[in-house]
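Take a look at the structure set out below.
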Amino acid sequence: MANHTSNSNNPRVNYDYRRRKSAEEMRMQVVTFTMMIFFTVIAFVSVAAGFSKWFIIPFILLLAVIQVVFQLYYFMHMNHKGHEAPQLFIWSAVVIAFVTVLAFMTVVWI
């Protein structure tokens, strides 16, 4: 859902186009917010259900990663055109952080 602009010279067409795009974007934000609340409830229910910590910890971390991606792409508008450079830096930092944590965990375990 990128920011496309209408090429029409008619201001009414441009207004209708922007209004439709804004409504579509708001709908996606509401759906994403609802899914994030649902993921949070699932995390609480999994802990309250008394599952093993070997299941709960990776499961909650997975839900957290999904929520971070939702927040980046839908609430911080990273899915729009023109955000390729910030995406590159963010995902590069994520890879570097993951490799660093993995390296330190490997060194500690040896």
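The values are calculated or read from the model by the stated rules, or taken from the named source; none is laboratory data. Since the structure is predicted, the reported quantities are computational estimates derived from the model, not experimental observations. Backbone-built Cβ (ideal geometry, glycine too); neighbour counts: all protein chains shown. Note: accessible area is taken over every heavy atom of the protein model, side chains too, but ligands, DNA and RNA are not part of it. Shrake-Rupley method; radii C 1.70, N 1.55, O 1.52, S 1.80 Å.
When nucleic acids and ligands are ignored and a 1.4 Å probe is applied, T34 ends up with an accessible area of around 80 Å². Exposure check, 1.4 Å probe, all protein chains in place: S52 carries approximately 60 Å² of accessible surface.
Evaluating kT/(6 pi eta Rh) at 37 °C and 0.692 mPa s, with the Kirkwood radius of the chain over Cα pairs in the Stokes-Einstein relation, gives 190 µm² s⁻¹. Beyond 13 Å, the tail of the calculated P(r) for the stretch 63-110 holds 66 percent of the Cα pairs.
Note on the chain: GNM, Cα springs under 10 Å; of F33, F55, F75, the largest mean-square fluctuation is that of F55. Tell me the trypsin sites (Lys or Arg not before Pro) within the stretch 6-110 that lie in a loop according to DSSP and have at most 11 other beta-carbon atoms within 10 Å. Answer by residue number: K81. Sequence-ordered 3J(HN,Hα) estimates for the stretch 67-72 from the Karplus curve with 6.51, -1.76 and 1.60 and θ = phi - 60° stand at 5, 5, 5, 4, 5, 5 Hz, glycine and proline given as x.
From the largest down, the stretch 22-74 spans 44, 17, 7 angstrom on the principal axes of its Cα atoms.
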